[in-house]
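The values are calculated or read from the model by the stated rules, or taken from the named source; none is laboratory data. The model shown is predicted, which means the values in this text are computed figures rather than measured ones. FYI the Cβ positions are ideal-geometry reconstructions off the backbone, even for glycines, and counts take in every protein chain you see.
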Amino acid sequence: MAIANPDKGKIIKAANIFGQPLSIFGVPVDREAIFSNHKGVYNKRVEKRQRGLIVKSTFIKVFLKHDEKIRCLTTGYSPVSLMEQVVTGPFFLCFKRALLIFTDRRILHVPTRFSRQPRAAVSQIAYDDCARLSIKGNALLVQYKNGRQEIFPYLGRKERKKIRTLISAIALSPKDAGQLQGRVHLCPSCTHVLPARTGICPTCKLPFKTAFKTKLRAFLLPGGGYFYAHYPAVGSIIAIAELMLISVFTYKMLGWHHGAGVTISSLAAMAVGFILVKLISAFHSAMMVDECVPEEKDYAVRKI
């Protein structure tokens, strides 16, 4: 396999020390690329790291097309909107973890939990739909032919140089090639491309969590949006906060009713605080199901 070296401007031919093609836990990989460093040289520590990431993502084999092989896996984070950063601050790092899987045809994006366990959601970036791929600092910048762009921050430190080498060797197609689309989501059951903002897969009828259902639960139940998004720890914290606000507000209301010196302004401030907590939790929990997360944990993975 030929790998471009951006430092020397030359092409390095990685020695095929493995012989035959390799599959790890049934996942087909490009042996010459996946276990080598950014110079195309085999490295034992790189192999150990890549094998560890594959163990967490063996399910991805059902999404790979015929003869498609994985070249590199890395940790990172999903794109974060400005509004999300304002609402959550640095806490977005707890909710936006992801795995990025670079194959010879595309990039597969897998949202994960804090433990790096997949959230049963997968999206893809086809190289044919990219106008530019580059590494800016610690982030992957993807510019699509349709004019949109996305930033995947905090790529794994150990893979950044290698990814820069890999993407520099990708010959991007002309502007009119590909589907002229951005990142698209795949059904975790049948692997077909999902329509934008869908609530059900049109092919296999697998239902997905939606922003509307999440917001409705967030408004009606204490911490309901987070529980629905399968973040019980955060849901419990928000539920306790909401119940405490309701209890104190009720106590203050009774005191005001009996002339205990409670002011209307203090009651209004507590009511506004409660509403803000509801709005923020509804918005944030809705963002957490925006990656096409299925309704049920248990579903049949099958290609149709």
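What do you reckon, is MET270 surrounded by 13 or more Cβ atoms within 10 Å (Cβ to Cβ) and not in a loop (DSSP other than H, G, I, E, B)? It is true that MET270 is surrounded by 13 or more Cβ atoms within 10 Å (Cβ to Cβ) and not in a loop (DSSP other than H, G, I, E, B).
For the stretch 97-112, does any single residue satisfy the condition of being in a loop (DSSP other than H, G, I, E, B), charged (D, E, K, R) and either over 11 Å from the mean Cα position of the chain (by Cα) or surrounded by fewer than 16 Cβ atoms within 10 Å (Cβ to Cβ) (or both)?
At the first step, the residues of the stretch 97-112 found to be in a loop (DSSP other than H, G, I, E, B) are 104-105.
In the following step, the residues that additionally are charged (D, E, K, R) were identified as 104-105.
If we keep only those that are either over 11 Å from the mean Cα position of the chain (by Cα) or surrounded by fewer than 16 Cβ atoms within 10 Å (Cβ to Cβ) (or both) too, we end up with 104-105.
Looking through the stretch 97-112, at least one residue is in a loop (DSSP other than H, G, I, E, B), charged (D, E, K, R) and either over 11 Å from the mean Cα position of the chain (by Cα) or surrounded by fewer than 16 Cβ atoms within 10 Å (Cβ to Cβ) (or both).
For the stretch 17-54, a residue qualifies if it is part of a strand (DSSP E or B) and either under 24 Å from the mean Cα position of the chain (by Cα) or at pLDDT 90 or above (or both), and the qualifying residues are ILE24, VAL27, PRO28, VAL29, SER36, TYR42. Just one of the numbered conditions (1) closer than 18 Å to THR88 by Cβ; (2) in a loop (DSSP other than H, G, I, E, B) is not true of GLY225: (2). Inside the stretch 247-262, residues that are in contact with a Phe, Trp or Tyr (Cβ under 8 Å, 6 or more places away or on another chain) and β-branched (Val, Ile, Thr) make up a count of 1.
Per the conditions (1) assigned to a helix (DSSP H, G or I); (2) surrounded by 12 or more Cβ atoms within 10 Å (Cβ to Cβ), the sole criterion not satisfied by VAL262 is (1).
Screening HIS257 against (1) within 18 Å of the chain's Cα centre (by Cα); (2) free of Cβ contacts under 8 Å to residues at least 24 places away in the same chain leaves a single unmet condition, (1). Applying the condition of being touching a residue at least 12 places away in the same chain (Cβ under 8 Å) and not in a loop (DSSP other than H, G, I, E, B) to the stretch 194-211 and asking which residue is surrounded by the most Cβ atoms within 10 Å (Cβ to Cβ) yields PHE208. Are any residues in the stretch 113-130 crowded, with 18+ Cβ neighbours inside 10 Å and either acidic (Asp, Glu) or within 12 Å of GLU150 (Cβ to Cβ) (or both), and if so, which ones? Once the filter is applied, which keeps residues that are crowded, with 18+ Cβ neighbours inside 10 Å and either acidic (Asp, Glu) or within 12 Å of GLU150 (Cβ to Cβ) (or both), the stretch 113-130 yields SER123, ILE125, ASP129, CYS130.
Going through the stretch 137-175 one residue at a time, which ones are more than 19 Å from the chain's Cα centre (by Cα), surrounded by fewer than 18 Cβ atoms within 10 Å (Cβ to Cβ), over 19 Å from ASN37 (Cα atoms) and touching a residue at least 12 places away in the same chain (Cβ under 8 Å)? Within the stretch 137-175, ASN146, LEU172, SER173, LYS175 qualify. The conditions of being assigned by TED's automatic domain parsing to the domain that holds PHE283 and at negative phi are not met by ALA196.
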